[in-house]
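The structure appears right after this line, and notes come after that.
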Amino acid sequence: MSTAAYINARLIDPASGLDSPGALLIQDGQIIDLGPDLFANGVPNGMEVVDCGGRVLCPGLIDMRVFVGEPGAEHKETLASASEAAAAGGVTCIIVQPNTEPVIDDVALVEYIKRQARDKAVVRIHPMAAITKGLKGEQMAELGLLAEADAVAFTDADRVVADAQVMRRVLSYASAFDLLICHYPEEPRLAGSGVMNAGEVAMRLGLPGIPTQAETIMVERDLRLVEMTGGRYHAACLSTDQAIEAMARGKARGLKVTAAAAVHSFALNEVAVGEYRSFAKTAPPLRAEADRRAVVAGLADGTIDIICSCHDPQDVESKRLPFELAATGIIGLETMLPLALELYHNGDMSLLDLLATMTVRPAELLGLRGGKLSPGAPADLLVFDPHKPWRIDEDQFHSKSKNTPYHGRPVQGRAWRTIVGGKVVYSDPDGDGN
Amino acid sequence: MSDISSSALPYRHLLGIEGLSPSDISEILDLSDNYVAQNRQVDKKRSILGGRTQINLFFETSTRTRTSFELAGKRLGADVINMTATASAIKKGETLIDTAATLNAMHPDALVVRHPHSGAVALLSQKMDCSVINAGDGSHEHPTQALLDALTIRRRLGHLHGLTVAICGDILHSRVARSNIMLLNIMGAHVRAIAPPTLLPGAMDRMGVEVFHDMAAGLADVDIVMMLRLQNERMNGAYVPSTREYYHFFGLDRSKLAKAKPEALIMHPGPMNRGVEIDSELADDINRSVIREQVEMGVAVRMAVLDLLSRRPSNQPSVGPGDMKP
């Protein structure tokens, strides 16, 4: 019987709107009780007590868009190393993307991910499976069977289902099973050979650009197909003013649609590409400042429901190339919390609303049991000090890859304890001093 | 020649025009003038770069630029080696960084690089201890072309400031256009861009140029007409409907040229597509076309650049905006 009392905490539960000093009791990997009055008269003898020192205690973060190299590119990231990175970043549940080698488009591969995750990972890992076989955008994968095997949603990851007829049938078929279709919205022909946002910076660097309209057009197409089919649709990462506006209109029409934004889309703009910094090459590309602000506004007004890290590990060899040839991707698991907290520190969002985007919202969308503080829920928790100042240091990353443009950035807020199923999977090594 | 340390450029590399000051450019052009005179003598050889090694590393085919750099180095006394992508390890999968490290170990004093990808020369320069000169990277920059164009204009018209220069053609894909726009703006000229919208970058107006889609309007009263090459694969309907249509609306002929100032000069970075972007006869008109002169100026400008970069003491930290981080 393992029992632990987390006392002297600031309990924040976006699911119930709770934000109050209090305590929380864990037993056998589950939350048993919580609240401002719990242990008001002291903790019973014999119970493990963790004094949170007034830090925030909230549900562990859920990251809906994580790329891992396993299977196929284990030198970039394994499920185990990604889980260590997640734990260090306060993330207790990651949703891995199917663009592995081989592609997760078969029941056996979903089983493989689940088995590897169970045996080797310190946080919860759920796979998304491919929408189309081999991510080719042509033939539907076995959506129903994959869902029965516990694929939590469907996506072609960083690929686009370009054919509107295929997407229409996918949404239509998936609606029968109430499956969630997550799509990376980018009109591929319009994006063309683009490698960064189209605009002044791309022009000066002589790099082919991806116009913002590539995203807008695909979001608008997808929303019309949702209207036509009644499917459940999630835009995997929005980065442009116009696409967010399109999403807001779709929601206003009553469509069952949601959207996420990558941390990079509000933490950086296209200027970060500077003199061909391939570490700032990501998908969707870093956009102009006006688009960055639109992402912040979209998160604040709820048009964008979810924040994801878009964690995409790449080794040095694939990044130390001319910008056009360099791999796309930024790692993000260990920087998601502090960078998202910038929205709170800048006064754009309350802590409660901000945490909702990384806890209860993805949990509800994916039908996961975590993401909330309530008796009976799994004890997947994060204890953090939202004000702790530190500097992002790539040398301290647990991820196997170090492709971050944030190295050296001063931030506030860091995980102090990350708890999965009642077990502490991460403790801030210098976090007990205050 | 003046005191060595005072007349050295404060940069290790020449990666682009962006970041150069008007005085940097004037200094290069002044020295180029001397080399033009020297190159017209029977004895063209100097030993300023005696004992030094220059490597021309070309990842794209080029005849005139490579030859021009080769001549420039040899006339200054350097040992010049040409490497092309087909003949080197690049085709065997060696990365650009490895190539740089390998060449660096041979202790060259100058590396002249052309590469099909924007930013590749800057990336390579980070791994080199010697001076790196950009001989064209993707659609980014081709600084010595802009410098030789400026020298050609300055020798003909005496100055750059206040001139109106029309750049016509495939500006979207042109490194020559980017470098020229920047240089001409730095030197106080007025720049116009004339092209169909499909051959112009979206944010063109942010470069300090006036955009025209009509040759007659764009060429009105200009001092200089710079034509750009349009590659064949871009004329088959992808960017413009056909060669015939392109020539009709955007090719330079006598009637369009009549809109420019009576003594306006015609320039072209070469190689020309006669009858596509420029009327053949016009290209050869010695009263208007300075296309051959541009080639001559190219060698002088490259000598000046090699000379100036070589004067920088090797232990001096690079401070130039054109320099990448070490």
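Read-outs throughout are calculated quantities, based only on the coordinates presented, and are distinct from any laboratory measurement. All of these numbers come straight from a predicted model, not from anything done at the bench. Glycine gets a Cβ as well: all are built from the backbone with ideal geometry, and neighbour counts include every protein chain shown.
Per DSSP H run of n ≥ 4, the term is -39500 (n - 2.57); total these for chain B, divide by its residue number, and report the mean residue ellipticity at 222 nm rounded to 500 deg cm²/dmol.
After summing the helix terms and dividing by the residues of chain B, the value is -10500 deg cm²/dmol.
What is the set of long-range amide H partners of A:Cys237 at a cut-off below 5 Å, with H atoms built 1.01 Å from backbone N?
Distant-sequence amide H within range of A:Cys237: A:Ala260.
Can you order the peptides A:242-251, B:262-271, A:389-398 by their average number of other Cβ atoms within 10 Å per residue, highest first?
A:242-251, B:262-271, A:389-398
Kindly write out, for segment B:225-236 in residue order, the coupling ³J(HN,Hα) from the Karplus curve 6.51 cos²θ - 1.76 cosθ + 1.60 (θ = phi - 60°), rounded to whole Hz, with x marking Gly and Pro.
In residue order, the calculated couplings are 10, 9, 9, 10, 6, 10, 6, 3, 5, 9, 9, 9 Hz.
Arranged from highest to lowest average of other beta-carbon atoms within 10 Å per residue, in what order do the peptides A:118-124, B:231-237 appear?
A:118-124, B:231-237
Highest mean first, how do A:155-166, B:282-293 rank when packing is the count of other Cβ atoms within 10 Å averaged over residues?
Output ranking for A:155-166, B:282-293: A:155-166, B:282-293.
Across the residues of A:204-214, average count of Cβ atoms on other protein chains within 10 Å?
Per residue, the average neighbour count from other chains is 5.
From the phi of every residue in segment B:299-312, what ³J(HN,Hα) in whole Hz does the Karplus formula 6.51 cos²θ - 1.76 cosθ + 1.60 yield, where θ is phi - 60° and glycine or proline is x?
Values per residue, Gly and Pro as x: 5, 5, 5, 6, 5, 4, 5, 4, 4, 5, 5, 6, 7, 6 Hz.
Considering only A:Ala87, A:Thr132, A:Met196, whose Cα is most displaced toward the positive end of the charge dipole of segment A:60-366, charges sitting on Cβ of Lys, Arg (+1) and Asp, Glu (-1)?
Sorting the options by dipole projection puts first A:Thr132.
For A:Lys133, list the lysines whose Cα falls under 22 Å from its own Cα; do not include residues on the same chain fewer than 8 positions away.
Here the lysines satisfying the reach criterion relative to A:Lys133 are A:Lys114.
Do any chymotrypsin sites (Phe, Trp or Tyr not before Pro) in segment A:155-257 lie in a loop, going by DSSP, with at most 13 other beta-carbon atoms within 10 Å of their beta carbon, and if so which?
For chymotrypsin sites (Phe, Trp or Tyr not before Pro) across segment A:155-257 that sit outside H, G, I, E and B with at most 13 neighbouring Cβ atoms in 10 Å, the list is empty.
Kindly write out, for segment B:153-169 in residue order, the coupling ³J(HN,Hα) from the Karplus curve 6.51 cos²θ - 1.76 cosθ + 1.60 (θ = phi - 60°), rounded to whole Hz, with x marking Gly and Pro.
Going residue by residue, I get 5, 5, 6, 7, 10, x, 6, 10, 4, x, 6, 10, 10, 9, 9, 10, x Hz, with x marking Gly and Pro.
So who's got an amide H within less than 5 Å of the one on A:Val420, skipping anything under 5 residues away but keeping other chains? H placed 1.01 Å off N, in plane.
So A:Val420 has HN proximity to A:Leu381, A:Val425.
State, in angstrom, two size descriptors of segment A:362-434 derived from its alpha carbons: Rg to one decimal place and Dmax to the nearest whole number.
14.9, 41
What does the charge count around B:Met204 come to, taking other residues whose C-beta lies under 10 Å from its C-beta (Lys +1, Arg +1, Asp -1, Glu -1)?
-2
Quick one: which of A:Lys281/A:Lys388; A:Lys400/A:Lys423; A:Lys319/B:Lys127 span more than 19 angstrom between C-alpha atoms?
A:Lys281/A:Lys388; A:Lys400/A:Lys423
Report, as an integer, the average count of C-beta atoms from other chains found within 10 Å of each Cβ along B:111-118.
3
Across peptide B:199-207, how many C-beta atoms of other chains are within 10 Å of each residue C-beta, on average?
4
Would you be so kind as to identify which of A:Asn346, A:Leu109, A:Val160 lies farthest towards the positive end of the dipole of segment A:60-366, taking Lys and Arg as +1 and Asp and Glu as -1 on Cβ and the Cα centre as origin?
A:Val160
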